[in-house]
Structure formats: C-alpha cells, structure tokens
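Read through the structure below, which is laid out as structure tokens, and then see the notes.
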Amino acid sequence: MRRFLLLVHRVPPDGDFSLNDLASGGGRMDEVAQAVGAAFLVSNGIRRDTELDLLLLRDGGHGRRVHLVGERLRYLNPDERSTAALLKNALVRAAGHEGRTLEASPGVFVGPGTEEDLLAFVRQPGAFWAEEGGTPLRSASVGPEAAGVLGDVLDPTPRERELLLASGIPRVRLGPRSLRASQCVVLLQNELDLREEAAPGGARAPASPGPGPGTPRGGLPATA
C-alpha cells in the first residue's frame with residue numbers, strides 16, 4: 001500500500017469557498033485538487049493501491065482530516081474543479097458532525113484532524129518526509145509500503161516541522177528544484193512503479209476503471 005499525507009495550510013476546513021475562486025478564496029484548493037488527481041489517476045483508471053490524507057490543521061493543532069481510499073474511490077475526474085467540488089462537499093457535509101468521521105462519498109472520509117494524525121502517520125512502516133534537504137530519492141530506501149509526508153504551497157509550520165524532525169523519519173529529496181505538491185506525488189508514484197516492476201516477480205497493481213461517460217462529476221451537488 002502507498003500512503004501519502006499532504007499538509008494543507010490555507011483551505012477553509014469548513015468548505016466555505018467558491019469553486020470559482022479556488023486559488024485565493026479557496027486557499028489554493030487548486031493545488032490540493034491537482035495533488036489528489038496525481039495520487040490516484042492513471043490512464044483510464046484509478047490507483048487502488050493508494051491512500052491519501054489531507055490534514056487541515058489550524059492554530060492549536062486542530063482542524064479537519066480528509067482520508068481518500070483508492071480501493072473505494074469514485075467520482076474522481078481529471079479536472080481540478082470537479083475534484084475541488086468532491087472535497088468541498090466532504091468538508092461541508094462534515095459540518096455539524098463534530099467528533100466523528102463520516103464517508104461523505106465513496107472512498108472520501110472526513111472527520112476531526114489533530115496533530116496526533118500526523119504523529120500516527122509517521123509511525124507507520126516506510127514513513128518518510130519529502131523535503132529538499134533529504135537523501136536523493138533514487139538512492140533512498142523507499143519500499144513498497146511507503147508513507148510519504150508532503151507540504152502544500154507553504155512550508156510546514158514551525159510546530160509541524162518540530163514534530164517531523166522529532167519523529168526521526170528519513171527525509172527524501174525529489175530533485176534539485178522546488179516542486180509543486182502534485183509534481184512530487186507524480187515523481188513518487190513513478191519511482192514506486194519502477195521499483196515494483198523491477199522487484200523479483202514484480203507486477204504493477206491493477207487500476208480500477210475510471211469514470212465513464214455520464215458519471216456524476218464531484219459525487220454530490222456542489223454550489224459555487
């Protein structure tokens with residue numbers, strides 16, 4: 001299983017943003033939506049071997065956690081607006097359900113988020129932090145049970161950085177340039193694909209069929 005956690009710093013945790021203003025009012029939800037697509041979408045299919053956490057923490061270390069499960073995921077399309085609608089609907093549906101997690105649409109779970117979610121993630125086997133000062137990816141020990149922490153358009157907060165450094169997980173550098181989160185996910189998925197293929201008896205995990213013509217976009221009605 002491949003797992004990723006994206007630290008999301010500006011997206012309103014209550015989903016109170018317009019689909020017509022993803023970059024500013026949406027707190028760079030456009031970047032988050034692109035990272036979601038990069039994690040799961042392949043040609044004519046969805047990766048079933050991948051899970052992605054979006055951790056939206058605010059001052060005090062509390063907020064929302066959106067957990068996407070490739071094995072169950074539906075209604076994910078290549079364009080960022082429909083992906084943003086899928087995530088917005090999840091956040092909006094969670095309002096009034098404080099303290100518990102619900103499946104807002106197939107494969108999209110939303111509930112409370114805390115620093116403990118980050119700590120639990122980095123305790124998993126294969127955990128690493130995608131960070132510019134780390135070991136180059138090509139020479140890093142990243143196995144099939146990978147669990148990578150990435151940041152969005154902003155650097156980790158001082159508190160997040162403190163927790164990541166204290167965890168002792170290895171830092172992995174993806175290249176000589178600063179990259180967007182979606183680009184980082186693409187590079188990681190590609191490297192893991194290549195290592196899986198090169199392993200003895202290796203074979204790529206199958207992808208489930210992608211959404212066909214007439215598939216509802218965004219899973220649930222969304223308002224702009």
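The values are calculated or read from the model by the stated rules, or taken from the named source; none is laboratory data. If you're wondering where the values come from, they're calculated on a predicted model, not measured in any experiment. Cβ sites come from the backbone with ideal geometry, for glycine too, and all protein chains shown count toward neighbours.
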(request) Would you be able to say whether some residue in the stretch 68-89 is out of contact with any helix residue (DSSP H, G or I) (no Cβ under 6 Å at 6 or more places or on another chain), basic (Lys, Arg) and crowded, with 22+ Cβ neighbours inside 10 Å? (result) yes
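Working carefully through the options Arg2, Arg10, Arg65, find the one that is surrounded by fewer than 22 Cβ atoms within 10 Å (Cβ to Cβ) and touching a Leu at 6+ places or on another chain (Cβ under 8 Å). Outline the logic, then answer.
Working: Arg2 fails: surrounded by fewer than 22 Cβ atoms within 10 Å (Cβ to Cβ); Arg65 fails: surrounded by fewer than 22 Cβ atoms within 10 Å (Cβ to Cβ).
That would be Arg10, the only listed residue that is surrounded by fewer than 22 Cβ atoms within 10 Å (Cβ to Cβ) and touching a Leu at 6+ places or on another chain (Cβ under 8 Å).
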(request) Being closer than 20 Å to Gly113 by Cβ and in a strand (DSSP E or B) is the filter here, so list the residues in the stretch 1-47 that pass it. (result) Arg3, Phe4, Leu5, Leu6, Leu7
(request) Considering every residue within the stretch 108-128, establish whether at least one is modelled with pLDDT under 95, among the charged types (D, E, K, R) and surrounded by fewer than 16 Cβ atoms within 10 Å (Cβ to Cβ). (result) no
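Would you confirm whether any residue within the stretch 134-145 is polar (S, T, N, Q), more than 17 Å from Phe4 (Cα to Cα) and surrounded by fewer than 22 Cβ atoms within 10 Å (Cβ to Cβ)?
Step one: of the stretch 134-145, the residues polar (S, T, N, Q) are 135, 139, 141.
Okay, now just the ones that are also more than 17 Å from Phe4 (Cα to Cα), so 135, 139.
Now drop any that are not surrounded by fewer than 22 Cβ atoms within 10 Å (Cβ to Cβ), which leaves 135, 139.
Looking through the stretch 134-145, at least one residue is polar (S, T, N, Q), more than 17 Å from Phe4 (Cα to Cα) and surrounded by fewer than 22 Cβ atoms within 10 Å (Cβ to Cβ).
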(request) Taking only the stretch 1-21 into account, find how many residues are over 29 Å from Glu162 (Cβ atoms) and touching an Asp or Glu at 6+ places or on another chain (Cβ under 6 Å). (result) 0
